[in-house]
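I have placed the structure first, in the form of structure tokens, so that the comments after it can refer back to it.
A short reminder: the numbers here are calculations on the coordinates, not readings from a lab. Treat the numbers as computed from the prediction; the structure is a model and nothing was measured. Please note: Cβ atoms are built from the backbone with ideal geometry, for glycine as well, and neighbour counts cover all protein chains shown.
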Amino acid sequence: MTDSPLAQYLTSIPELQLARGQFLYSSLPSRKEVNPTGYSGAINWWETTLANLVAKGLISEHKLILVADENLREGLRYGKLGRPASLGGVLVSPS
């Protein structure tokens with residue numbers, strides 16, 4: 001079975017190859033108060049990454065529409081990191 005274009009792209013993201021990937025895929029709201037800098041950085045990373053994925057047509061067939069549902073979370077499943085736990089919070093959090 002061949003990896004999807006999204007799965008292939010995820011392997012090219014350096015942050016996901018590091019321990020930082022665990023932080024990015026973890027539940028972020030609990031970290032907002034104890035690590036505001038890390039929280040802010042993770043929110044910014046997700047915003048940029050999601051925008052890039054949409055622009056490349058990897059998570060939406062329309063370049064201006066992002067459908068944030070369980071299919072998106074499952075599509076972003078990455079190796080040992082699993083699915084991003086805080087994706088909903090990332091999408092509604094102000095930058």
Taking the Cα centre as origin and putting +1 on Lys and Arg beta-carbons and -1 on Asp and Glu beta-carbons, what dipole magnitude results for the chain, to the nearest 20 debye? 180 debye
Would you indicate which of (i) -0.41, -0.78, -1.33; (ii) -0.25, -0.64, -1.56; (iii) -0.34, -0.72, -1.43 is the value of log10 I(q)/I(0) by the Debye sum over Cα atoms at q = 0.10, 0.16, 0.25 Å⁻¹ derived from the coordinates of this structure? (ii)
How tilted is helix 36-55 with respect to the longest principal axis of the chain? Cα atoms for both, answer in degrees (0 to 90, nearest 10). 10 degrees
Counting other beta carbons within 10 Å of each residue's own, what order do LEU6, LEU91 fall into, fewest first? LEU91, LEU6
